[in-house]
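Step one of this worksheet: look at the structure below.
Since every read-out is calculated from the coordinates, none of them should be taken as a lab result. This structure is a prediction, so every number in the text was calculated from the model and none was measured. We place every Cβ from the backbone using ideal geometry, glycine too, and count neighbours over all the protein chains shown.
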Amino acid sequence: MTSIQQNIEQITSQIEAIKQKCHRTQDTVQLLAVSKTKPVDAILEAANAGQRAFGENYVQEGTEKVAYFASHHPELELEWHFIGPIQSNKSRYVAENFHWVHSVNKAKLAQRLNDQRPEGLPPLQVLIQVNTSGETSKSGINDNEIFSLAELISSLPNLTLRGLMSIPAQTSNYEEQLSAFGELANLQQTLKNRFSNQQIDTLSMGMSGDMQAAIESGTTMVRIGTAIFGQRDYSNKQ
Ligand SMILES: *Cc1c(COP(=O)(O)O)cnc(C)c1O
């Protein structure tokens, strides 16, 4: 077994242990393997350990990886999640190549993704990226903008609204982690109540450094990079 495969096993059992500890054994907490900056070989190792869902942050890099696996390993049927910021002129690549997008934060972007989703593909599965803790630097939106954006997404035929995503300010303080995630979980509950006719079932929160607090707060999808693939090298990114 490779170290990536060991890491996946270890994280999967950690997720189970935390779920037990906070009495969430019946709930799904999906593992999204964040493979940004990592080579296709690393993704293949993870896929061979049974991992199916992968997250990418950079449009060009992600698009190349999607194409690589579609042509070399179609049998793996990998599921691709776009989790990074999207510039308008790149939205087409996201609409054409990915199954999920976690970083929708504007009406204009939602509209473009809908219009650019190719005919014949299922709707793009969408999460609205929100800010918690009043943070404005991470390209999310404010609470009061969320519901009008949710309204728009629900009305667009090529998008399916699935819930919320957040990247709270990094902190090693557990109480602060719980507080930011709790805020997001409350918003998700409000969204579910207001859009009870939609399939609002996904709350994307928790990374390598704050997975436990996220699971305790009700996350349904943790986005884990470093703890699976090791430290990233950004030297070839500008
Ligand atoms: C990079 C990244 C992750 C993974 O972070 P790790 O700390 O390496 O687990 C998760 N979510 C988003 C949006 C990211 O950009």
Query raised in the report: Hey, rough spin-label estimate for ASN197 and ASN89, points 7 angstrom out along Cα→Cβ, what's it come to in nanometres?
Result: 4.0
Query - Over 28 Å (Cα to Cα) - which of LYS19/LYS192; LYS38/LYS192; LYS106/LYS192; LYS36/LYS108 fall in this group - result: LYS38/LYS192
Query raised in the report: If the cut-off is 16 Å between C-alpha atoms, which aspartates and glutamates fall inside it for LYS237, apart from same-chain ones fewer than 8 positions away?
Result: GLU56, GLU61, GLU64
Requested in this report: Express as a percent, rounded to the nearest 5, the fraction of DSSP beta bridges in the range 3-229 (both residues included) that run antiparallel.
Outcome: 0
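How do the peptides 46-53, 19-26 rank, highest first, by the average count of neighbouring beta carbon atoms within 10 Å per residue?
Working: 46-53: 17.5, 19-26: 11.6.
Order by mean packing, descending: 46-53, 19-26.
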**Report entry** Spin-label model distance (nm) - LYS21 vs ASP233, 7 Å beyond Cα toward Cβ
**Finding:** 3.4
Requested in this report: Find how much the distance from ASN173 to SER3 grows on full extension, using 0.36 nm per residue of separation minus their present alpha carbon separation; answer in nm with one decimal.
Outcome: 58.3 nm
Report summary line: Working note, the range 3-229: Cα radius of gyration (Å, one decimal) and Dmax (Å, whole number) are 16.8, 46
